[in-house]
Amino acid sequence: MEARRSREKITVVPCLTIVDMVSPGKILVAHPNLESGLFGKSVILITEAHQTGTVGFIMNKPSPHNLNQIMQERGISWELGDVLYQGGPLNTSALVMVHTEDFSSSNTMYLPGGLAISSDELMIEKVLMGNRPNAFRLVTGICSWAPGQIQQEINHNKSWLTATPNDAMLFNSTGLKQWRKALNLVASETTAQYF
């Protein structure tokens with residue numbers, strides 16, 4: 001009997017490199033086993049990733065500080081009811097707005113995926129005058145990793161999962177609900193790579 005050669009179609013699945021996974025506009029989602037501290041059950045938007053390190057902002061942890069009070073300390077009357085979020089453990093006096101790309105200020109940095117960040121007095125003035133982006137979060141503090149550190153935490157420690165966010169996941173929920181939505185997004189993207 002002669003053996004028949006199978007002519008099955010082979011599907012090639014693109015493999016994402018760590019550079020693709022940790023790039024501006026992507027999110028880091030805390031692995032369920034990363035439970036303690038500020039990073040436990042967190043969703044972090046990556047804004048910079050280069051040879052000198054990685055920078056991002058936690059998007060789902062409301063700050064214990066009152067935004068109205070912080071603005072009053074700066075001499076600004078802010079009565080808009082917005083929530084302030086803990087962006088990270090470093091440079092906690094910095095106020096940054098993570099927002100959709102439909103808004104700009106004097107130092108706006110645009111990210112892939114229709115997102116941007118701003119951090120200046122003009123952004124505050126514009127928002128107070130009613131010139132607001134479609135969606136935004138005000139955060140204090142940043143997250144920063146040394147060169148290669150986040151890659152180590154992903155590959156060896158298994159601390160983080162990655163995904164490409166959408167506006168609804170980033171801006172329409174918070175806390176554990178937002179983290180769970182981010183986990184679902186990771187699962188969907190991982191499954192889509194194979195089917």
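Read-outs: derived from the displayed coordinates by stated rules, not from any lab. Not measured: the values here are computed from a predicted model. Don't worry about glycine lacking a Cβ; one is built from the backbone with ideal geometry, like all the others, and counts go over all protein chains shown.
Over the residues of the chain, the helix contribution to mean residue ellipticity at 222 nm works out to -7000 deg cm²/dmol, using -39500 (n - 2.57) for each DSSP H run of at least 4.
Output the relative contact order of the chain, whole-number percent, from Cα pairs under 8 angstrom with separation of 6+ residues.
Details: 346 pairs, mean separation 50.2, N = 195.
Contact order relative to length: 26 percent.
Given springs between every Cα pair under 10 Å in a Gaussian network model of the chain, which of Ser36, Ser63, Ser159 has the largest fluctuation? In the Gaussian network model the winner is Ser36.
For the pair Ser36 and Asp120 in one chain, pulling the backbone fully straight at 0.36 nm per residue adds 27.0 nm over the alpha carbon distance. The structure-derived value of Cα extents along the principal axes in Å appears in the list [x] 108, 57, 39; [y] 45, 38, 37; [z] 89, 33, 33 under the label [z]. Which of rounded, prolate, oblate describes segment 89-155, given a ≥ b ≥ c as roots of the alpha-carbon gyration tensor eigenvalues and a/c under 1.5 marking rounded, otherwise prolate only if a/b is larger than b/c? Because a/c hits 1.5 or more and a/b exceeds b/c, segment 89-155 counts as prolate.
For a 24 Å ceiling on Cα separation, which of these pairs sit above it: Lys41/Lys158; Lys126/Lys181; Lys26/Lys126; Lys126/Lys177?
Numbers: Lys41/Lys158 14 Å; Lys126/Lys181 31 Å; Lys26/Lys126 27 Å; Lys126/Lys177 30 Å.
Over 24 Å apart, Cα to Cα: Lys126/Lys181; Lys26/Lys126; Lys126/Lys177.
Calculate the FRET efficiency for Asn68 and Glu101 from the Cβ-Cβ distance with a Förster distance of 30 Å, rounded to the nearest 0.05. Mind dumping the intermediate values first?
Details: r = 27 Å, r/R0 = 0.91.
Approximately 0.65, to the nearest 0.05.
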